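Worksheet: one structure, shown below.
Each reported figure results from applying straightforward, stated rules to the coordinates on display, with no laboratory input. This structure is a prediction, so every number in the text was calculated from the model and none was measured. Quick reminder, even Gly has a Cβ in these numbers, built from the backbone with ideal geometry, and neighbours come from all protein chains shown.
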Amino acid sequence: NAGVTQTPKFQVLKTGQSMTLQCAQDMNHNSMYWYRQDPGMGLRLIYYSASEGTTDKGEVPNGYNVSRLNKREFSLRLESAAPSQTSVYFCASSEIYSGPQKTEAFFGQGTRLTVV
Amino acid sequence: LAKTTQPISMDSYEGQEVNITCSHNNIATNDYITWYQQFPSQGPRFIIQGYKTKVTNEVASLFIPADRKSSTLSLPRVSLSDTAVYYCLVGERNQGGKLIFGQGTELSVKP
């Protein structure tokens, strides 16, 4: 019953450092997503992957890269962290249907990232 | 892309029924309407999804008029634990699976 698992849960980086946020899902979903959420704001889509081997930019992709390693895993990389990237990052997965089947996204617990 | 508009915030009292309306004027023919709930420090979770008329589950009801240009999430007899942000999403089936969350509606339930 793991669902979507994100690591780490907390991270503090210095400006200019790099890091990778990991995400894995065990629901055999094709679609995976990375969001950021700033205090008092809604979720903003950074990147998403509609299927293994494909990735697309979302609303706020600048400063980030992603890798869809396999169907289960979708990682988010910050090459040179900036204070503006201080945020809570959520990973999600879903199966998107063209028909009437329910489309439900499942979210991880989030990674709270602070860049100083 | 389908765009949604919701009130930024709403206040209610325990035991009241709360209705949150979402406007989605350019909804496509095959779009579904989905609502999520987010508690502080947690990721959003699915509440309800519908295409037309009315859908009800153990948590909420979703009312969709015939023109489908808006939808209303109805929470019966809210409690303090319903304090959360509620998001309306439309159109992921026509956006290559792209799930776009708007600002959401921050619901505050008071005793």
Worksheet item: When A:G16 is evaluated against the numbered criteria (1) in contact with a strand residue (DSSP E or B) (Cβ under 7 Å, 6 or more places away or on another chain); (2) touching a residue at least 60 places away in the same chain (Cβ under 8 Å), which criterion, by number, is the only one it fails?
Response: (1)
Item to complete: Scan B:Y87, B:Y13, B:Y51, B:Y36 and give me the residue that is in contact with a Pro (Cβ under 8 Å, 6 or more places away or on another chain), within 27 Å of A:D56 (Cβ to Cβ) and surrounded by fewer than 18 Cβ atoms within 10 Å (Cβ to Cβ).
Response: B:Y51
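State all residues of the range A:53-71 that are in contact with a strand residue (DSSP E or B) (Cβ under 8 Å, 6 or more places away or on another chain) and either β-branched (V, I, T) or more than 30 Å from B:Y51 (Cα to Cα) (or both); if no residue qualifies, say none. Give the steps one after another, and end with the answer.
Within the range A:53-71, the subset in contact with a strand residue (DSSP E or B) (Cβ under 8 Å, 6 or more places away or on another chain) is A:53-61, A:63-69.
Across the range A:53-71, the qualifying residues are A:G53, A:T54, A:T55, A:V60, A:P61, A:G63, A:Y64, A:N65, A:V66, A:S67, A:R68, A:L69.
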Worksheet item: So which pairs qualify, if the first residue must be in the range A:88-116 and of a type in the set (S, T, Y), the second must be part of a strand (DSSP E or B) and surrounded by fewer than 20 Cβ atoms within 10 Å (Cβ to Cβ), the Cβ gap must be under 6 Å, and the two must be at least 6 apart or on different chains?
Response: A:S93/A:F106; A:T114/A:V12
Worksheet item: Looking only at residues in the range A:1-32 that are assigned to a strand (DSSP E or B) and over 11 Å from the mean Cα position of the chain (by Cα), which one is nearest to B:Q95 (Cα to Cα)?
Response: A:S31
Item to complete: Taking the options A:S49, A:S94, name whichever one is buried (at least 20 other Cβ atoms within 10 Å of the Cβ), closer than 30 Å to B:Y51 by Cβ, within 14 Å of chain B (Cβ to nearest Cβ) and under 11 Å from the mean Cα position of the chain (by Cα).
Response: A:S49
Item to complete: Would you check which residues across the range B:1-59 are touching a residue at least 60 places away in the same chain (Cβ under 8 Å) and not in a loop (DSSP other than H, G, I, E, B) and list them?
Response: B:T5, B:S9, B:M10, B:D11, B:S12, B:Y13, B:V18, B:I20, B:C22, B:Y36, B:Q38
